[in-house]
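Presented below is the structure to which this report refers.
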Amino acid sequence: MTPATLFLAFIIVQRLSELVIAKRNTARLVANGATEVGAAHYPAMVAMHTAWIAALVVFGWQNPVSVPWLVLFAALQVLRVWILLTLGRRWTTRIILTDTPLVTTGPFRYLRHPNYTLVVAEIIVAPMVLGLVWVAVVWTVLNAAMLYVRISAENAGLAPQRR
């Protein structure tokens, strides 16, 4: 396997494993009385991320790997692990509201939305690993629109808890 295909395989396996974790955590949270908000945009978000990965694969599988961008991508994975460990069984890809206080430890001590920050960075950095500047630009714009919808839905859902 080439470095590009190994990199792409990592992204695909990572995202699929996260969907499994998220589905399990979401089911457990909802079974324990949590509620989902913003569900209407979720299919569009999944489609956008799937198309991003597809663009990486179709246009980048034969490209050389930029080592500096790969190092930055690896650093972002440290942040990903920190976020996942901090949220533990509360981590999910959906907006799930519980009656427990918001997490304010780990990266949440420094950023209000560290996972969204991470995804913004990954949508830029992963294509750059493969020299796909246009993919970074197009999906950054699409992701900005998605995050506007998503963060608005999340903040609206959390508003009653913050009173």
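For helix 67-87, what angle does its Cα long axis make with the longest principal axis of the chain, in degrees from 0 to 90 and rounded to 10?
Helix 67-87 sits roughly 20 degrees off the main axis of the chain.
Tell me the mean residue ellipticity at 222 nm calculated for the chain from its helices only (DSSP H runs of n ≥ 4, each -39500 (n - 2.57), averaged over every residue, nearest 500).
Only helices count here, giving -25000 deg cm²/dmol.
Suppose every Lys and Arg Cβ carries +1 and every Asp and Glu Cβ carries -1, with no other charges. What dipole size does segment 3-162 come out with about its Cα centre, to the nearest 20 debye?
360 debye
Under 8 Å for C-alpha pairs, at least 6 residues apart: give me the relative contact order for the chain, rounded to a whole percent.
Averaging sequence separation for qualifying contacts and normalising by length gives 34 percent for the chain.
Go ahead and run the numbers for FRET between L16 and V149, Cβ-Cβ distance against an R0 of 22 Å, rounding to 0.05.
Efficiency at R0 = 22 Å is approximately 0.35.
Can you tell me the orientation of helix 133-162 relative to the chain, as the angle in degrees between its alpha-carbon axis and the longest Cα principal axis, to the nearest 10?
Computed tilt is about 10 degrees.
Between 0 and 90 degrees, rounded to the nearest ten: what's the tilt of helix 42-60 against the longest Cα principal axis of the chain?
Its long axis makes an angle of about 10 degrees.
Each value in this text was obtained by applying a stated rule to the coordinates, not by laboratory testing. Model, not experiment: these values are computed from the prediction. Glycine gets a Cβ as well: all are built from the backbone with ideal geometry, and neighbour counts include every protein chain shown.
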